[in-house]
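The values are calculated or read from the model by the stated rules, or taken from the named source; none is laboratory data. Note that this is a predicted model, so its numbers are computed, not measured. All Cβ positions, glycine included, derive from the backbone under ideal geometry; neighbour counts span all protein chains shown. For accessibility, only protein heavy atoms count, side chains too; no ligands or nucleic acids. Shrake-Rupley method; radii C 1.70, N 1.55, O 1.52, S 1.80 Å.
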Amino acid sequence: MNMIYGKGASGGIAAGVLKIIRRKPSAISGESCADVTEETARLHAAIAQAEDELTVLYAEAVRKVGEREAAIFDIHKMMLADEDFVTEAENFIRNEHRSARAAVQKAGAALAEIFGAMEDDYMKARAADILAVAERVTDILGGGSTAIAVTHPSVIAAHDLTPAETVMLDKTMVLGFVTEGGSTMSHTAILARTMDIPAVVGVGEGRIPDEYDGSRVVLDGSEGVLYIEPDEHTENRYLTAMREAEDERKRLERFRGKTCVQSDGTRIMVTANVGSLEDIDEALRCDAEGIGLFRSEFLFMGRTSPPTEEEQFAVYKQAALKMGGRECVIRTLDAGADKHIPYLTGDMREANPALGLRAVRLCLRQPHLLKTQFRALYRASLFGSLSAMIPMIVLPEEIRQVREIAREAQESLRAENTAFGKIRVGIMIETPSAAILSDQLAPMTDFFSIGTNDLLQYTLAADRENADVAYLTHTLPESVRRLIRTACAAARREGIPVSVCGELGADLTETKFFIESGVTKLSVTPSAILKVRESVMRESSRLIPVRQ
């Protein structure tokens, strides 16, 4: 038995035969051209074809993994149109008389080298995207294809996989994959997690020789290990783990279609956090009782201008219709900090972006953004139960300003004789100030939603993206517990509901605390819904089969 170690990129276990995918090396760097004009025309024609292919890929990705993850193919289209990339390729054709294929390959390698040298891990990972874009164009110019064909269920191994290759994998044939290169922050790894395909990346150049092709393997996507011809004990251990996981899945199915009710009649709902209409489909498949957080910022990303009112209306209308009367809570634009949207935030260089112009602060600086969003929400509310949730509230004055913008949106619709309905307007409790002032905020709002991620970060003064201080946020400290109790008590006095939409909502060790504090809704990632419902049932009193 041989063990190959890498980085666990997507959890889960796969067992089967190893299928090694090798791309033939392309010796095109020295290709020359006789006619510069003709070769430049070929370059632009190939780029146009690549853009068309990426448009088709985007649609396929939306169907498979949702709009949020499909955005990578819009990013690839933007890379194709990047002036530096195109000009560099043109210069190689014009000045060095390279063929279009060779010019694209050289231009892609040069840009990838720049990104690969950056310190930021996320930016480093973008080098792979640039190479994938260049490879797509060179394949078109050479009349080839990067499609991966697997004819029987296998664990596949390759030097690396592009996002396009990953999203087009047939899950009935690809049990999991392992790559010599890549990182856990690459779009390929992100897509693997979204598609629930076990994956290990970064095992090292040459660590998977051709002689392993056809070997019996076990892949552990959580621990980042590939076992070649595992011994009987190892194989049985993993097969047992796979059976246990399947048994757990069947056990949790008992909680599908049930609603949790406490002994005093209080209903505890388990809803979903989503970022697209496709995510709503997944949430419904996972038996969500509603949508507790729809991240609308993803409508604003991967483009060069804000979505219009009509574009937003179409999405919110579909969300309302999909939910069939169940509540869908739309979080208003939460841009800034870790969600950089260039056309909104420009070239801002803030010393402390998490404490800067973000979320509601940005929207109050540019009120047309919020007014447009409210107009779309009010119109879409005719088709279902929609609510608006305002992020990053710290003071009552901010709520007053938001309410005024909402009133202006209604008046403008009324003046145009445009039909609209009602929406509930709530706020996120994700700052210590909001929790401390919750007695003043509760009368001004229709509900509270506790964002535990930021509440932890701001209370403990600990960047949740910084591994060096991660130990401070591993558990829920008493300081944050007190703030949550304070907010819940204020909401109870005012008679408004409280939900939790941060990651801790799915922490089963905290279910009892949330329920005892007065939380009546836990909004979690769709895949955690049944597990959280089981935990809620254990901490509340009874389970009833009929939903109201």
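Semi-axes of the equivalent ellipsoid of the range 98-247: what are they in whole Å, largest first, if each equals the square root of 5 times a C-alpha gyration tensor eigenvalue? Walk me through the intermediate numbers first.
Details: eigenvalues 196, 58, 39 Å².
So the three semi-axes of the range 98-247 are 31, 17, 14 Å.
What Kirkwood hydrodynamic radius, in Å, does the chain give when the mean of 1/r is taken over all pairs of distinct Cα atoms and then inverted? Working shown, then result.
Working: mean 1/r = 0.0389 Å⁻¹.
Averaging 1/r across every pair of different Cα atoms and inverting gives 25.7 Å.
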Query raised in the report: Cα axis of helix 309-323 to longest principal axis of the chain: angle in degrees, 0 to 90, nearest 10?
Result: 70
Report summary line: With a 20 Å threshold on alpha-carbon distance, the violating pairs from LYS258/LYS521; LYS7/LYS124; LYS7/LYS531 are LYS7/LYS531
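Normalized C-alpha radius of gyration of the range 286-431, against 2.2 N^0.38 Å?
Compactness ratio reported: 1.02.
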**Report entry** Per residue, the convex hull volume that the Cα atoms of the range 402-483 enclose (Å³)
**Finding:** 116
Query raised in the report: Where nothing but the Cβ of Lys and Arg (+1) and of Asp and Glu (-1) is charged, how large is the charge dipole of the range 250-346 around its Cα centre, in debye to the nearest 20?
Result: 480
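If you roll a 1.4 Å probe over the heavy atoms of the protein chains, what accessible area per residue do you get for the chain, in Å²? List each step's numbers first, then the result.
Working: 24710 Å² over 548 residues.
Roughly 45 Å² per residue, with all protein chains present.
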Report summary line: In terms of the charge dipole of the chain, which places +1 on Lys and Arg and -1 on Asp and Glu at the beta carbon, the residue among PHE294, SER449, ASN273 farthest towards the positive end is SER449
Requested in this report: For helix 232-252, report the angle its Cα long axis makes with the longest principal axis of the Cα atoms of the chain; keep it between 0 and 90° and round to the nearest 10°.
Outcome: 40
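With only alpha-carbon pairs counted, each pair once and no self-pairs, how large is the Kirkwood hydrodynamic radius of the range 134-196 in angstroms? Walk me through the numbers on the way to the answer.
On the way: mean 1/r = 0.0802 Å⁻¹.
Value: 12.5 Å, from the Cα pair sum.
Could you please state how large a percent of the accessible area of the range 257-320 is carbon and sulfur, counting protein chains only and using a 1.4 Å probe? Each step should come with its number before you reach the end.
Working: 1050 of 2150 Å².
Looking at the range 257-320 in its full context, I get 49 percent from C and S.
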Query raised in the report: Can you pull the three principal axis extents for the Cα set of the range 65-105, in Å, largest first?
Result: 43, 16, 7
Query raised in the report: In nm, what is the difference between 0.36 nm times the number of residues separating THR151 and ARG403 and their Cα-Cα distance?
Result: 84.9 nm
Query - Spatial separation of Cα centroids for the range 192-249 and the range 471-536, in angstrom - result: 35
Requested in this report: Taking the convex hull of the Cα atoms, report for the range 1-114 its projected area averaged over all directions, in nm².
Outcome: 10.5
Query - Normalised contact order of the chain, rounded percent, pairs of Cα under 8 Å and 6 or more residues apart - result: 15
Query raised in the report: So what does the Cα-only Debye profile of the range 205-279 read at q = 0.22 Å⁻¹, as log10 I(q)/I(0), no solvent term?
Result: -1.06
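Give me the percent of accessible area attributable to carbon and sulfur for the range 181-229, probe 1.4 angstrom.
Working: 800 of 1870 Å².
Heavy-atom surface of the range 181-229 belonging to carbon and sulfur, 1.4 Å probe: 43 percent.
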Query raised in the report: Given R₀ = 51 Å, FRET efficiency for GLU223-GLU38 by Cβ-Cβ distance, to 0.05?
Result: 0.45
Query raised in the report: Simple spin-label model, 7 Å along Cα-to-Cβ: GLU232 to GLU309 in nm?
Result: 7.3
**Report entry** Point-to-point label distance, ASP213-TYR5, nm (Cα→Cβ direction, 7 Å offset)
**Finding:** 2.9
Query raised in the report: Length gain on complete extension for the stretch SER433 to LEU364, per 0.36 nm per residue less the alpha carbon to alpha carbon distance?
Result: 23.0 nm
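Normalised by the number of residues in the range 407-503, what is the relative contact order in percent for Cα pairs under 8 Å and 6+ residues apart?
Dividing the mean separation by the residue count of the range 407-503 yields 32 percent.
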Report task. Report, please, the projected area of the range 167-217 averaged over directions, based on the convex hull of its C-alpha atoms, in nm². Result -> 3.9
Query raised in the report: So which lysines can LYS171 reach, going by Cα to Cα under 19 Å and dropping same-chain residues fewer than 8 places off?
Result: LYS19, LYS64
Query raised in the report: What Kirkwood hydrodynamic radius do you get for the range 177-304 when you take the inverse of the mean 1/r over all pairs of distinct Cα atoms, in Å?
Result: 18.5
